There are 2 protein chains.
Amino acid sequence: MAQVIRDVAEMQATAAQIRASGQRIGVVPTMGFLHEGHLSLIRLARQHSDVVITTIFVNPAQFGPSEDFNRYPRDLDRDKDLAFDAGSNYVFAPDTGAMYPDGYTTYVNVERMTTSLEGKSRPGHFRGVATIVAKLFNITRPHCAVFGQKDAQQVIVVRQMVRDLNFDIEIIVAPTVRERDGLAMSSRNSYLTLAQRKEATVLYRSLAMAEDGIRSGERESKQIVRKMTDLIASSSGIIDYISVADGTTLDEVKVCEPGRPILISLAVRFGATRLIDNIALTV
Amino acid sequence: MAQVIRDVAEMQATAAQIRASGQRIGVVPTMGFLHEGHLSLIRLARQHSDVVITTIFVNPAQFGPSEDFNRYPRDLDRDKDLAFDAGSNYVFAPDTGAMYPDGYTTYVNVERMTTSLEGKSRPGHFRGVATIVAKLFNITRPHCAVFGQKDAQQVIVVRQMVRDLNFDIEIIVAPTVRERDGLAMSSRNSYLTLAQRKEATVLYRSLAMAEDGIRSGERESKQIVRKMTDLIASSSGIIDYISVADGTTLDEVKVCEPGRPILISLAVRFGATRLIDNIALTV
C-alpha cells in the first residue's frame, strides 16, 4: 500500500476510488528533495486523513527564466522511501510534459498579494504556484492539503485561491522545521558552501531578535527592519527584502498594533543561493 | 426533489452528498432568462446524468464596463419553473456577493485563444467565463457539464481550461437551437425591436450561404467573408467580425482544406444589441 504513480489519469482515478470508498485524502505538494520539514508535513497530513498523497514535481511555471529550475536538486528514489517511511501512501511524481502538455495555456492568477515580497522578487512565481496547486488539487482530489509556514506568502496565496475558486479543501499549515542552529530547512540549503552555511543562520537570528524586540515593546517597523538590516550586514548575505506586513493581506505595516497578526519575512542571498525565512506573531 | 439553492456552502454540501451516493451529476451553467436553447441543454444533461444542476448567475466578471450587465434580463421565478419542467433537479442561483466576496482576487486565464473574436471585441470576457466556470465546477462537482454550440469560442475555452487544469469533467456540447426563421436563440434577442428582429435573421442566412458555398466548392476564406459581408450590408446590422477559423485552435485559416474542422463565426450589432452566431463544419 505504498505506491509511486507517475501517470495523471491513474492518479486521478486512484483518488476518485479512495474518495468513493469514503476515505479522507490529505495531499502534501512538494518539489521533492525531501528534508525533515517536508516529512513533518507528511506526518501532519497523516493525522488529518486516511490516505496521504505526497506530490513531487519541480514546477517549471514557478521558476523565472534566470532562476534555478535546471539545477534544482532532484532525487526521486530517495524521496519516495522517505515519504513512505513518514506515512505517505502514495507518491505522485508526474513528468513535466504530462503536467504542461503541448498547447498548454491556462494559468491561475491570485492578484494583489502576489506583487509584493517573493512575488516582487520573482515575477510570475505565484502564478506558477497557484496554477500547479489548482492542477494538483484536481488530480489528487484531497479533503485537506498541508503546506509549510516556511513559505508564508505561498500559504496566504493558496488560502486566497481556495477561498476564491471555492475549492472544498481544508488548508493546514505546519510550523517551520529548523536545524539545531535555527536555519530553516530548505532544499536550497544544499547549494550553500560550508562558510555560507554558517553565515546563513543570520536569517533566523535576525527574526528572533525582531521578535525579542517586539516582546520588549518595540512597535515601529522601521526600527525593526533597521536592526535586522544591521545584523545581516555583519554577514556576507545580500538582503533582497525585509518586510513587516499584515499577516492576512500582506500589506506593509508601519506600526505593529496590538491584536494585529504580523508577518516578519526576509529573503537574503549568499552567492547565487537565495534563502527565505519568516516568523508570524500577534503583538 | 426540485429545489432552488442560493447558498454556496449548501450547494457544495448537497453536491458532495449526491456524489457520495454514487449518482452522476450533470451541470448546466447559464445566466438565466431561459429559452428553448437552455432547455435543450438541460434535457441533454438529463440524458447524461442522474442529477441535473442548472446554475443561474449573471456573472459580472464576464461583462465589460460598458456592456449590458445591469440591463441583462433576469427572471428567476420563471426560470426555475422552466428548468424544473425540463428535468433539472436543482437550480443554483447565488448572489453576486457570495460568488465575489469582498477581497476577491483570483482569476483563471486561458491564454492565446481568448484574444481573438469575442475575446478581442470583449476584453476580459473569457477571463470572467473561465473563472466563473472553474468556481461553479468546484461548487457543483459535476461529472459532466453541458454548453451550447451557440457560444462556440466559450466551448473551446472551457475545453482548454478543463484539459489544462485537470478538471475530471466531461464537456458535452449541444447544437444551437434556432427560431423558425433561423435566428439563434439568445436571451439578448429580447432587446431587439420588431424591425431589428426581422433583420437579425441575416446572421444565420449568411452562415447558411457560406456553408452552401463551401459545399459547392468554395475554399477561399476571403471569398466566403466577402459574400457574407455583402449580404449583411443589405441589413442595418453593423459587422463586428466575420471569421473563418480552425475549429480547435481558433487560428484564422486562409483556405478551408478538406478534413480540417472549420468554425465560421460572426458578431453583428443591431442598435445597441450585439448578436453572435456560428456554424462548425469539416470540408
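Computed from the coordinates by the stated procedures, all read-outs in this text should not be read as laboratory data. Just so it is clear, the model here is predicted, and its values are computed rather than measured. A quick note on method: Cβ atoms are made from the backbone with ideal geometry, for glycine too, and the neighbour counts reach across all protein chains shown.
If you wrap the Cα atoms of the protein assembly as shown in a convex hull and average its projected area over all directions, you get 28.7 nm². Averaged over peptide B:98-106, the number of partner chain Cβ atoms lying within 10 Å of each residue's Cβ comes to 5. Listed peptides A:98-106, B:121-129 appear in the order B:121-129, A:98-106 once ranked by packing, highest mean of other Cβ atoms within 10 Å at the front. Shown for A:Gln223: label points 7 Å from Cα along the beta-carbon vector, and their distances to the equivalent points in the other copies, 8.3 nm in ascending order.
Computed from phi, the 3J(HN,Hα) profile of segment A:222-232 under the Karplus parametrisation 6.51, -1.76, 1.60 (θ = phi - 60°) reads 4, 5, 4, 5, 4, 5, 5, 4, 4, 5, 5 Hz, with x in place of Gly and Pro.
Using a 7 Å projection from Cα along Cα-to-Cβ, the label point at B:Lys120 is separated from the same position in the remaining copies by 3.9 nm, smallest value first.
Loop-located GluC sites (Glu not before Pro) in segment B:1-102 (DSSP state not H, G, I, E or B) with no more than 16 neighbouring Cβ atoms inside 10 Å: B:Glu67.
A crude spin-label estimate for the pair A:Asp212 and B:Glu218, with each label 7 Å from Cα along the Cβ direction, gives 8.3 nm. Near A:Glu252, the amide H atoms lying under 5 Å from its own belong to A:Asp246; only residues 5 or more places off or on other chains count, and H is placed 1.01 Å from N. The distance from the alpha carbon centre of segment A:1-75 to that of segment A:97-149 is 14 Å, rounded to a whole number. Grab the beta carbon distance between A:Asp50 and B:Ala272, set R0 = 60 Å, and tell me the FRET efficiency rounded to 0.05. So the FRET efficiency works out to roughly 0.60.
Here the translational diffusion coefficient of chain B follows from Stokes-Einstein with Rh set to the Kirkwood radius across Cα pairs; for 37 °C and 0.692 mPa s it amounts to 167 µm²/s. For B:Arg78 and A:Glu179, the FRET efficiency from 1/(1 + (r/R0)^6), where r spans their Cβ atoms and R0 equals 45 Å, is about 0.10.
Shown in residue order for segment B:54-64 are the 3J(HN,Hα) couplings computed by the Karplus curve 6.51 cos²θ - 1.76 cosθ + 1.60 at θ = phi - 60°: 9, 9, 10, 7, 7, 8, x, 5, 9, 9, x Hz (x for Gly and Pro).
With r as the distance between the Cβ atoms of B:Glu257 and B:Asp68 and R0 = 41 Å, compute the FRET efficiency 1/(1 + (r/R0)^6) and round to 0.05. Using R0 = 41 Å, I get an efficiency of 0.60.
The residues neighbouring A:Ile5, those whose beta-carbon lies less than 14 Å from its own, together hold a net charge of -1 under the Lys/Arg +1, Asp/Glu -1 convention. Entry note, chain B: the mean residue ellipticity at 222 nm calculated from DSSP H runs of n ≥ 4, each adding -39500 (n - 2.57), is -11500 deg cm²/dmol after division by the residues and rounding to the nearest 500. Label point of A:Thr282 (7 Å along Cα→beta-carbon): distances to the other copies' equivalent points are 6.1 nm, sorted ascending.
Each 5 Å bin, from zero up to the one with the longest distance, holds this percent of the alpha carbon pairs of segment B:58-109: 4, 15, 19, 21, 18, 14, 7, 1. Inter-chain neighbour count for A:15-21: the average number of beta-carbon atoms from partner chains within 10 Å of each residue's beta-carbon is 1. DSSP finds beta bridges in chain A, and of those with both partners inside it, around 50 percent are antiparallel. Note on segment B:187-275: Cα Rg divided by 2.2 N^0.38 Å, N the number of residues, gives 1.13. Just need the relative contact order of chain A here, percent rounded to a whole number, with Cα pairs under 8 Å and 6+ apart. Result for chain A is 17 percent. Report the Stokes-Einstein translational diffusion coefficient (µm² s⁻¹, integer) for segment A:76-232, Rh taken as the Kirkwood radius over Cα pairs, at 20 °C with viscosity 1.002 mPa s. My calculation gives 116 µm²/s for D. With a 10 Å cut-off around each Cβ of B:129-140, the average count of Cβ atoms from other chains is 3.
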